[in-house]
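Q: Provided herewith is a single structure, encoded as structure tokens, for subsequent inquiry.
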Amino acid sequence: MEEKSRILRVSELNLAIKRLLESEVPLLWVRGEISNLVKAASGHFYFSLKDDQAQVRCVMFRHKNQLLGAPVANGQQVEVLAVTTLYEQRGDFQLTVEQLRPAGLGVLYERFAQLKLKLESEGLFDAARKRPLPAYPRRIGIVTSPQAAALRDVLTTLRLRLPGVPVVLYPTPVQGAGSAEKIAQAIAEASRRAECDVLIVCRGGGSIEDLWSFNEEIVARAIAASAIPVVSGVGHETDFTIADFVADERAPTPTAAAQRVVPDRRELLRSLQDLAQHLRRAQRNRLQNSMQTVDYLQRRLVHPAQQLQRQSQQLDQLHQRLQRADAHRRQQWQWQWLSLARRLQAASGDHERLQDRQANLAQRLIRAMRTVQQRHATRLENVAQHLIYLDPKQVLARGYSMVQDANGRVVSDADTLAVGEELRVTFAHGWARTEVKKTGGK
């Protein structure tokens, strides 16, 4: 009774309710829209989290909000991990926020990571399969929404950089239900028609939900199957989608995509001016060289009449040299004929003497041949007689014998023999094998 009749101070009441909330309500996730955001000088964030029926006050202290990867603003749909508590001084029920993330990003990020891993394992992100963009496209295709600001940015950039290049628009919604299928259909249609040299798939910036159509597998596979090189220009520089990884080239923005597919007209004009200047300089140098060559050839050029006269003189000189050479050759032949005639006349008177000398030399040759032949026959007979004396068989015939060991070597010294060793003894007629029983010295 005393407990019920006890009167509490306001601070005691608020403290009791705070302790009750913090002990009974667990740490939980809450989803809602940020409103009345105040970023205090202390670095703490104060805001309300609301839905269409209610709202709750929230505080996120500096040491927590410094860990956020993206700025926080009114109107954002977020999910907060918070502790329920009571601000005692004012008696306000509030959430003390520990973590904050865009609403739905937990599931979306998980889907994004799973699809990225799947397509990467299939090789859709490999640099080897990416195709180079044409340097000077004859026609450019754009897959985006006709109402998108990105289309205006792309067309403006193309017109400024290289006006006159035809552009084909393949209209499609770029967000909302069914947009992924329609984007894929537009890419497939552009690939089938094959009327463009390069295809830009683009849209402006937005939340991850707004860009999610470009994270769908059907869009990624349509880009990979495209017969036309694809440039992805989706969102802002910090935005990355699955389409960026599959495309042949990723541009950070739609404007950058347009800059990537066409060269800058001013750069081309400067290049042409440089080439024209180089060409003029080369033509001038070549012309000057040709003029110097003409001057040199002109100095060497001889009038046809002078050249004919000089060639006529050369012909006369050659004719005279030919006549002198012919006369000299005839004179030499005449001298040779006279010399041969005199030698023949001198040789005809001594013909008989030479015949006698020849007969005498023939007889001397026959006698010398007979003498040499007889001398060689006598020498051959003497050599044959010596061979007979040296013939081992003749020695054996006189009673001698030849002793050989088991290796066929002739034995001439008894000291080289061993008792029991077999020997071969060869006689004048036949041979015998014997065994050493005893050896003796000299």
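Q: Mind listing whichever residues of the range 410-426 are surrounded by 14 or more Cβ atoms within 10 Å (Cβ to Cβ) and either under 60 Å from the mean Cα position of the chain (by Cα) or not in a strand (DSSP E or B) (or both)?
A: Within the range 410-426, 411, 417, 421 meet the criteria.
Q: Something else now. Given the criteria more than 25 Å from residue 113 (Cα to Cα) and part of a helix (DSSP H, G or I), does residue 192 qualify?
A: Yes; evaluated as a whole, the condition is true for this residue.
Q: Please determine whether any residue of the range 226-233 is surrounded by fewer than 17 Cβ atoms within 10 Å (Cβ to Cβ), in the same structural domain as residue 172 (by TED's automatic domain parsing) and touching a residue at least 24 places away in the same chain (Cβ under 8 Å).
A: Yes - at least one qualifying residue is present in the range 226-233.
Q: From the residues in the range 130-178 that are in contact with a Pro (Cβ under 6 Å, 6 or more places away or on another chain) and not aliphatic (A, V, I, L, M), which one is nearest to residue 258 (Cα to Cα)?
A: 153
Q: I want to confirm something. Restricting to the range 52-72 and keeping residues that are among the aliphatic types (A, V, I, L, M) and over 12 Å from residue 100 (Cα atoms), which single residue is surrounded by the fewest Cβ atoms within 10 Å (Cβ to Cβ)?
A: So, considering only residues that are among the aliphatic types (A, V, I, L, M) and over 12 Å from residue 100 (Cα atoms), the one surrounded by the fewest Cβ atoms within 10 Å (Cβ to Cβ) is 54.
Q: Still on this model: Those residues that are among the small types (Gly, Ala, Ser), at pLDDT 90 or above and more than 47 Å from the chain's Cα centre (by Cα), I need them from the range 77-124; list them, please.
A: Hit for the range 77-124 is 82, nothing else.
Residue-by-condition table, conditions (1) surrounded by 13 or more Cβ atoms within 10 Å (Cβ to Cβ); (2) at pLDDT below 90; (3) of a type in the set (Phe, Trp, Tyr):
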site	(1), (2), (3)
12	no, yes, no
21	yes, yes, no
30	yes, no, no
38	no, no, no
44	yes, no, no
50	yes, no, no
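Q: Can you name every one of the strands (runs of 3 or more DSSP E) wholly within the range 1-102 that holds 1 or more residues which are touching a Leu at 6+ places or on another chain (Cβ under 8 Å) and over 30 Å from residue 210 (Cβ atoms)?
A: Qualifying strands (runs of 3 or more DSSP E): 77-87, 92-102.
Q: Residues that are of a type outside the set (D, E, K, R), in contact with a helix residue (DSSP H, G or I) (Cβ under 6 Å, 6 or more places away or on another chain) and under 30 Å from residue 229 (Cα atoms): does the range 265-277 have at least one?
A: no
Q: Here is a further query. Of the residues 169, 124, 119, which single one is assigned by TED's automatic domain parsing to the domain that holds residue 251, surrounded by 15 or more Cβ atoms within 10 Å (Cβ to Cβ), free of Cβ contacts under 8 Å to residues at least 40 places away in the same chain and farther than 30 Å from residue 65 by Cβ?
A: 169
Listed here are the residues, each with its yes/no results for (1) in contact with a strand residue (DSSP E or B) (Cβ under 9 Å, 6 or more places away or on another chain); (2) among the hydrophobic types (A, V, I, L, M, F, W, C); (3) under 12 Å from residue 200 (Cβ atoms).
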residue: 117; (1), (2), (3): no, yes, no
residue: 122; (1), (2), (3): no, no, no
residue: 128; (1), (2), (3): no, yes, no
residue: 134; (1), (2), (3): yes, no, no
residue: 137; (1), (2), (3): yes, no, yes
residue: 140; (1), (2), (3): yes, yes, yes
residue: 143; (1), (2), (3): yes, yes, yes
residue: 146; (1), (2), (3): yes, no, no
residue: 163; (1), (2), (3): no, no, no
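Q: Might you let me know whether the range 182-202 holds any residue that is over 32 Å from the mean Cα position of the chain (by Cα), closer than 20 Å to residue 108 by Cβ and touching a residue at least 24 places away in the same chain (Cβ under 8 Å)?
A: Yes, the range 182-202 has at least one match.
Q: Determine the pairs where a residue that is free of Cβ contacts under 8 Å to residues at least 60 places away in the same chain, located within the range 144-166, has a partner that is of a type in the set (D, E, K, R) and part of a loop (DSSP other than H, G, I, E, B) with Cβ atoms under 7 Å apart, the partner being 6 or more residues away or on another chain.
A: 166/139
The values are calculated or read from the model by the stated rules, or taken from the named source; none is laboratory data. If you're wondering where the values come from, they're calculated on a predicted model, not measured in any experiment. Cβ sites come from the backbone with ideal geometry, for glycine too, and all protein chains shown count toward neighbours.
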